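The structure under discussion appears below in the form of structure tokens.
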Amino acid sequence: MSETNQETLEQPPIKLVMNQLPDANVPFESPLHHVELTKIAEHSGSQGGVVFRELSLGLLTLRCTPNAEQAASIEGILGVALPSNPLTSITSANGELTVMWISPDEWLLQVPQDKAFELESRFFAEVSGHVSLVNVSGGMTVFELSGNDVVKVLKKSTPIDFHDSEFPVGKVVSSIFAKSGATICRTSEQTYQLVVRRSFADYLWLWLQDASKEYGLTVMG
Amino acid sequence: MFHIFCPHCGEYREEEEFHAKGEAHIARPLDPDACRDEEWGEFLYFRTNPRGIHHELWVHAAGCRKFFNITRNTQTYEILEVYKLGEMPSVVAE
Ligand SMILES: [Zn+2]
């Protein structure tokens with residue numbers, strides 16, 4: 001048994017990177033495609049206290065405990081260092097890439113959808129050693145909530161403290177959200193991103209409509 | 001309702017984000033094949049059930065998904081200490 005394991009370990013690992021969006025004939029489909037957000041947006045008032053928008057982003061989960069060499073090559077690829085302070089995030093200067101701290105050895109990378117494959121390929125080519133990077137774009141989606149009453153809706157949904165002193169811009173937490181789960185990041189003064197499971201997207205969309213009803217909900221296509 | 005400090009996230013969170021995973025500091029026998037049934041049974045099934053100070057394994061299930069230990073008074077429910085895996089408690093029963 002142990003000998004077989006030994007042999008397997010000595011084989012170089014096979015690195016397989018699949019482009020999840022190979023060409024225009026294989027379109028990306030949002031988990032809320034049936035909702036037809038663009039149509040709702042046309043009829044949606046613009047004065048709502050809460051503004052909802054779904055973002056179609058490339059999402060990648062990075063897991064590692066980087067040594068100095070790995071940290072350097074990762075920073076070379078991303079253009080920013082991995083945030084090592086718990087519950088923090090960092091966005092690249094051109095705004096294209098955001099890295100969110102998830103756990104001491106886990107980060108969530110957000111890039112434009114058509115950049116995910118390129119990023120993944122570079123990681124496999126340039127970072128050596130014990131590192132895992134998985135494209136999770138197909139399993140998650142991102143809701144962006146903003147508006148004057150956004151915090152009230154968040155407070156209904158999760159036990160997290162959203163007071164300014166506890167939840168500054170750039171902070172990121174993973175928590176319970178309306179009995180489901182979400183990673184919540186404050187991206188600007190009145191804007192929050194929820195990274196949620198694809199399979200919970202419809203349920204959370206219904207929840208958010210109900211929770212924001214009393215403040216008025218504006219949908220952006 | 002507990003208000004639990006996660007040593008990995010570095011802040012207090014509500015209990016609903018966590019799961020209790022039973023008694024802490026239970027070492028798996030290094031060579032299970034060489035174990036007597038009694039030793040293996042002890043490891044699998046037998047736990048202390050103290051009234052007072054108890055060391056427990058918890059996981060921040062909805063947060064960072066990391067495990068850590070809590071020293072808790074089972075009588076008053078007071079959490080006396082939180083510490084990472086691999087560390088030893090400083091608060092112990094007399
Ligand atoms: Zn945690």
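Here are a few things to note about the model shown:
- Filter result for B:Arg13 (under 15 Å from A:Ser175 (Cβ atoms) and buried (at least 17 other Cβ atoms within 10 Å of the Cβ)): yes
- Within the stretch B:16-31, considering residues that are closer than 24 Å to B:Asn49 by Cβ and open to solvent by less than 40 Å² (accessible area, probe 1.4 Å), the one farthest from the other protein chains (Cβ to nearest Cβ): B:Gly22
- The stretch B:32-41, subset part of a helix (DSSP H, G or I) and surrounded by fewer than 13 Cβ atoms within 10 Å (Cβ to Cβ), residue nearest to the ligand (Cβ to nearest atom): B:Pro32
Every residue, every condition in (1) closer than 29 Å to A:Ser103 by Cα; (2) touching a Leu at 6+ places or on another chain (Cβ under 8 Å); (3) among the polar types (S, T, N, Q), yes or no:
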| position | (1), (2), (3) |
| --- | --- |
| B:Asp37 | no, no, no |
| B:Trp40 | no, no, no |
| B:Phe43 | no, no, no |
| B:Thr48 | no, no, yes |
| B:Arg51 | no, no, no |
| B:Gly63 | yes, no, no |
| B:Asn73 | yes, yes, yes |
| B:Tyr83 | yes, no, no |
| B:Gly86 | yes, no, no |
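- Just one of (1) assigned to a loop (DSSP other than H, G, I, E, B); (2) within 16 Å of the ligand (Cβ to nearest atom); (3) not aliphatic (A, V, I, L, M) fails for B:Ser90. It is (2).
- Selection count where residues are in contact (Cβ under 8 Å) with a residue 60 or more places away in the chain, within 18 Å of A:Ser165 (Cβ to Cβ) and near the ligand (Cβ under 9 Å from one of its atoms), scope the stretch B:2-20: 0
- From the list A:Leu59, A:Leu108, the lone residue that is within 14 Å of chain B (Cβ to nearest Cβ), under 30 Å from A:Gly221 (Cβ atoms) and in contact with a Leu (Cβ under 8 Å, 6 or more places away or on another chain) is A:Leu108.
- Being under 30 Å from A:Ser84 (Cα atoms) and more than 13 Å from the ligand (Cβ to nearest atom) holds for only one residue in B:Leu80, B:Leu44, and it is B:Leu80.
- Restricted to the stretch B:61-76, and to residues there that are surrounded by fewer than 22 Cβ atoms within 10 Å (Cβ to Cβ) and assigned to a loop (DSSP other than H, G, I, E, B), the residue that is nearest to the ligand (Cβ to nearest atom) is B:Lys66.
- For the stretch A:62-76, the set of residues classified as within 18 Å of A:Val134 (Cα to Cα) and open to solvent by 20 Å² or more (accessible area, probe 1.4 Å) consists of A:Arg63, A:Thr65, A:Pro66, A:Ala71, A:Ser73, A:Glu75, listed by residue number.
The values are calculated or read from the model by the stated rules, or taken from the named source; none is laboratory data. Quick caveat: nothing in here was measured; it's all calculated off a predicted structure. A quick note on method: Cβ atoms are made from the backbone with ideal geometry, for glycine too, and the neighbour counts reach across all protein chains shown. Heavy atoms of the whole protein, side chains included, go into the accessibility calculation; ligands, DNA and RNA do not. Shrake-Rupley method; radii C 1.70, N 1.55, O 1.52, S 1.80 Å.
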